[in-house]
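Below is one structure, written out as structure tokens; the observations come after it.
The values are calculated or read from the model by the stated rules, or taken from the named source; none is laboratory data. Everything numeric here is computed off the predicted structure, so don't read it as measured data. For neighbour counting, all protein chains shown are included, and Cβ atoms are generated from backbone atoms with ideal geometry for every residue, glycine included.
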Amino acid sequence: MDIQFRIIFEEFNKGYAPLSHLDSKTFIGDKGQASEMKADVISRPSFLTQSPALANLTNGTEAGVVDQLIRYILEQPTDSAETVTYALGTSKLFKLSATTVNTGGTPSWPQAVSGMTSGESIARLNANIYGFYNKASGGDILKMVLSTESITANWGSVTDVALESAPHPSATKEDIMLFGNGQYVGTYIEGLATLDVQKLDFGIGAKVVDVLFHANAWWIAVNHGERRSQIYMYDGSALSNILSDEAGIGAQSIGFLYVVNGIIYVAYSDSTSGGYVLGYLSGRVLKPMRYFSGSLPDYRQKTLYKNTIIFISSTDIWSFGASVNQLPAQISKLADAGHATVGGLSAPFGTPLVASTDGSTGFRIAKFSGYSLDSNWKSILVDLTSDKNIGKVHTIIVYTKPLVGSAKATVQLEGNQGATGFTSTAFEVETADKTRHVFTSVDLLPVEDIRVIVSFADGDATNDCPIRKIVLLGNFIER
């Protein structure tokens, strides 16, 4: 049979197609881009493979000592051996290693924090950590001396005054700490022993949603209601009451700021298109890069993984960026985040940790480990019409790395935008050491358009099935 068309799906590292957040059956994009997905396209660039699975830390569920949602995980180890960090729940301070939620000891872990109802952030400042939290009324700052792990729960209100009940993002630079406090930004300068929880006032209705230090300046993201936001620049010494500059973002709401390789990235909502955006600051201009769906992540829900920013959207972990600088930036749904309500996300030891709850009695903090069977990928739709002709696929060829053990994926074709009766049999990509998988008995009727569906539901949790390329061969039929 003469081959009338040949369609190649490859370069999966490009992630989602540009309009996938608006149309799950989009025709626009490269053939390696997805219209729907939950898969890993960053760990092995150009290969499509299974998402990372989650493994609970030892003691990391309600059967251990995690009896509440862990809301914030400090994004750095606090000891010279890089084996310890800390996290805030709703009423407790937790001590973590890369594998375990600590229990017992002196003091006994986890430590209850008197009055705390919502942990908001933790900042490391030299020999101490500071935990920001809300109470039934207002908020406070705890101080813990790292050498003794002794806590002063009401250090903030005793040293200055109580905090607002609000998100409290925080950041540090040398001996200076900056933190959000509702409509205010607070500062603490350790060398002067000066705490001011209302150093800067952004006005009634304002909410400070993230802060960071970069290029000798503080950057402060403020939402004024739901439809107007600004990013302010503030003197690095944190002594002045005057802002240095600002970038008006307009009718958007900011989720978080994050600096990578000297670039400040911003997650924000786009009220004009009904989606969410990862962009970056260029001077006073916010430039959009990639769009995503789900929900807007906040300052507690982002970290760096394999040179990409990973973040929470709804119940999933997404990835933005490129694993190496020579590749184009992508956005993709990387992995499941656990239970339905997600708390903190961080990677203090290199491997991401994520906390979640089912909303009642189920709690967990887990790390990436192994491969998920809840992984899938669907290509963009490809037009198969040529004047009066439509396309008939007769052969599918799938190229993989040499498969190991029970590694497996299934490949299926869907035609005519998913109309009833236009879905092929699922073909199994398997067999140890095999790299080229050919299927010739394709039972899909002639169609006007087509997309490829890959599922890893029957795969293996230890040995993944990395797909390098999928080729469709067919001919045109007059209809």
- Query: What's the number of the condition ASP40 fails, among (1) acidic (Asp, Glu); (2) buried (at least 19 other Cβ atoms within 10 Å of the Cβ); (3) closer than 22 Å to ALA171 by Cβ?
  - Reply: (3)
- Within the range 133-153, restricting attention to residues that are small (Gly, Ala, Ser) and without any contact (Cβ under 8 Å) to a residue 24 or more places away in the chain, which residue is farthest from GLN198 (Cα to Cα)? SER147
- Candidates GLY350, GLY344, GLY279, filtered to the one that is in a loop (DSSP other than H, G, I, E, B) and either among the hydrophobic types (A, V, I, L, M, F, W, C) or within 15 Å of the chain's Cα centre (by Cα) (or both): GLY350
- Item | Matching residues in the range 287-308 - criterion: being in contact with a strand residue (DSSP E or B) (Cβ under 6 Å, 6 or more places away or on another chain) and within 22 Å of TYR371 (Cβ to Cβ) | THR303, THR308
- Please list, ordered by first then second residue, the pairs with beta carbon atoms under 8 Å, 6 or more apart or interchain, first in the range 284-310 and more than 11 Å from VAL266 (Cα to Cα), second of a type in the set (D, E, K, R) and modelled with pLDDT under 95. ARG284/ASP245; ARG284/GLU246; TYR291/ASP270
- Task: Please find, among GLN301, GLN330, the residue that is in contact with a helix residue (DSSP H, G or I) (Cβ under 7 Å, 6 or more places away or on another chain), modelled with pLDDT of 95 or more and buried (at least 18 other Cβ atoms within 10 Å of the Cβ).
- Result: GLN330
- Item | Residue ID - farthest from the chain's Cα centre (by Cα), chosen from residues in the range 379-389 that are surrounded by fewer than 21 Cβ atoms within 10 Å (Cβ to Cβ) and at negative phi | LYS388
- Task: Check the range 250-261 and report whether any residue there is modelled with pLDDT under 95, over 19 Å from the mean Cα position of the chain (by Cα) and closer than 24 Å to ILE317 by Cβ.
- Result: yes
- Name the pairs: first residue in the range 1-25 and of a type in the set (D, E, K, R), second residue modelled with pLDDT under 95, Cβ to Cβ under 8 Å, at least 6 apart or on different chains? GLU10/SER46; GLU11/SER46; LYS14/PRO328
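Listed here are the residues, each with its yes/no results for (1) touching a strand residue (DSSP E or B) at 6+ places or on another chain (Cβ under 6 Å); (2) surrounded by 20 or more Cβ atoms within 10 Å (Cβ to Cβ); (3) part of a strand (DSSP E or B).
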site: VAL354; (1), (2), (3): yes, yes, yes
site: GLY370; (1), (2), (3): yes, no, yes
site: TRP377; (1), (2), (3): yes, yes, yes
site: LEU403; (1), (2), (3): no, yes, no
site: THR420; (1), (2), (3): no, no, no
site: LEU445; (1), (2), (3): no, no, no
- Scanning the range 351-375 for residues that are touching a residue at least 60 places away in the same chain (Cβ under 8 Å) and of a type in the set (Gly, Ala, Ser), which turns out farthest from LEU96 (Cα to Cα)? SER375
- Message: Going residue by residue through the range 288-300, is there one that turns out to be of a type outside the set (Lys, Arg), in contact with an Asp or Glu (Cβ under 6 Å, 6 or more places away or on another chain) and outside any strand (DSSP E or B)?
- Response: yes
- Among the residues of the range 167-183, is any touching a residue at least 12 places away in the same chain (Cβ under 8 Å), touching a His at 6+ places or on another chain (Cβ under 6 Å) and either surrounded by 22 or more Cβ atoms within 10 Å (Cβ to Cβ) or assigned to a loop (DSSP other than H, G, I, E, B) (or both)? yes
- Message: Let me confirm something: among LYS378, LYS333, LYS401, LYS388, which residue is of a type outside the set (S, T, N, Q), more than 27 Å from ASN463 (Cβ to Cβ) and in contact (Cβ under 8 Å) with a residue 24 or more places away in the chain?
- Response: LYS388
- Residues of the range 133-145 being in a strand (DSSP E or B) and under 25 Å from ASP210 (Cβ atoms), which ones? TYR133, ASN134, GLY139, ASP140, ILE141, LEU142, LYS143, MET144
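Could you list all residues from the range 240-250 that are assigned to a strand (DSSP E or B), free of Cβ contacts under 8 Å to residues at least 40 places away in the same chain and of a type in the set (A, V, I, L, M)?
Of the residues in the range 240-250, the ones assigned to a strand (DSSP E or B) are 243-250.
Next cut, free of Cβ contacts under 8 Å to residues at least 40 places away in the same chain only: 244-250.
Within the range 240-250, ALA247, ILE249 qualify.
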- Task: Can you tell me which residue among SER269, SER314 is closer than 23 Å to SER121 by Cα and surrounded by fewer than 20 Cβ atoms within 10 Å (Cβ to Cβ)?
- Result: SER314
- Across the range 84-110, what is the number of residues that are under 23 Å from the mean Cα position of the chain (by Cα), among the polar types (S, T, N, Q) and within 25 Å of SER369 (Cα to Cα)? 4
- Query: Has the range 192-208 got any residue that is under 23 Å from LYS143 (Cα atoms) and in contact with a Leu (Cβ under 8 Å, 6 or more places away or on another chain)?
  - Reply: yes
- Task: Kindly establish whether ALA347 is in contact with a Gly (Cβ under 6 Å, 6 or more places away or on another chain), surrounded by fewer than 24 Cβ atoms within 10 Å (Cβ to Cβ) and not β-branched (Val, Ile, Thr).
- Result: no
